[in-house]
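Have a look at the structure below before the remarks.
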Amino acid sequence: MTTENRCSAVVSDGQTTLVAEAYDRETDSIIQTYNLDVHDIAGLCRALGVETFESWASYELDKTDIETLNCGYGFGIHHDGRVTLRMRGKVDEHPYLLHTNRELLLMLQGRKPLSVFTDDGPSTDSVSSLFPEAKFDTHVETGRFVKYAYAEPVDNGLRRVRWVFYALPEEAWRIKAYVLLFETSKRSGWNEGFERMQGSLLGYSEQENDINIELQRKRAQRHA
């Protein structure tokens, strides 16, 4: 097992819901999700050869790890591509399909009009390692997507955040609308209206936006 994030803190024993996600090789998009309740997380750590299992970390599994999960924990993973394992979190509360880590596949299917990514990068010419930029760019070259990227100075110019946008050609107007949305929010502050507009620009339905807003309200109430 390799980790995408460094783990250090100990997770207490007890029932924990884990989520394994299998990725498509061509699009580096999630194509299958598996859920598993584990009653002995420490035992799972030993079986997978990892010191601890962090709630915020995503772990990449090798073939031996997948075999261990299938045989010892009841998973039915049959996949020779990239597979990751993480704890169930806030993103799993949504009863609809989230676009995160599925962007390229959904755009190729015509189900997502716009994808937006950010990364710390030295210039607009750099290629990100945080999302499959090279795979997206292949479809820009064929005219299937349009691309726009720029680097924004932050922390008084000490570093720059790189924004990368991909849109279906007929939906390219969404790029300028998204940039305007965020530039306006810097001056007025973020609110539910901006949250709803962001979701709509990214291709979520009105009903999905309603659910997302309600989930955010409930989380805010729990932490009030």
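Values in this text are rule-based calculations from the coordinates and carry no lab data. Everything numeric in this text was worked out from a predicted model, so none of it was measured. As a convention, Cβ positions derive from the backbone with ideal geometry for all residues, glycine included, and neighbour counts pool all protein chains shown.
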Inset, instruction - For SER55 and ALA224, compute 0.36 nm times the residue count separating them, minus their Cα-Cα distance, and round to one decimal in nm. - result: 58.6 nm
Inset, instruction - Restrict the search to segment 39-102; then list the chymotrypsin sites (Phe, Trp or Tyr not before Pro) that DSSP places in a loop and that have at most 11 other Cβ atoms within 10 Å of their Cβ. - result: TRP56, TYR96
Inset, instruction - Rounded to the nearest 0.05, what FRET efficiency do ASP120 and LEU181 give with R0 = 22 Å and r taken as the Cβ-Cβ distance? Could you check? - result: 0.55
Inset, instruction - Please provide three numbers in whole Å: the alpha-carbon extents of segment 163-224 along the principal axes, with the largest listed first. - result: 42, 28, 17
Legend entry - Kirkwood-Stokes translational diffusion coefficient of segment 2-88, alpha-carbon pairs, 10 °C, 1.306 mPa s, µm²/s: 122 µm²/s
Legend entry - Spatially proximal lysines relative to LYS218 (Cα-Cα < 30 Å; intrachain offsets below 8 disregarded): LYS90, LYS112, LYS186
Inset, instruction - Distance between Cα centroids, segment 145-224 to segment 38-100: provide it in whole Å. - result: 29 Å
Inset, instruction - State, as an integer percentage, the relative contact order of segment 2-88 based on alpha-carbon contacts under 8 Å between residues 6 or more apart. - result: 40 percent
Inset, instruction - Once you have a ≥ b ≥ c as the square roots of the Cα gyration tensor eigenvalues for the chain, tell me rounded if a/c is under 1.5, and otherwise prolate or oblate according to whether a/b is larger than b/c. - result: prolate
Inset, instruction - State, to one decimal in nm, how far the label point of ARG111 lies from the label point of VAL140, with both points 7 Å from Cα in the Cβ direction. - result: 2.5 nm
Legend entry - Qualifying chymotrypsin sites (Phe, Trp or Tyr not before Pro) for segment 126-224 [loop in DSSP, other Cβ within 10 Å: at most 15]: TRP190
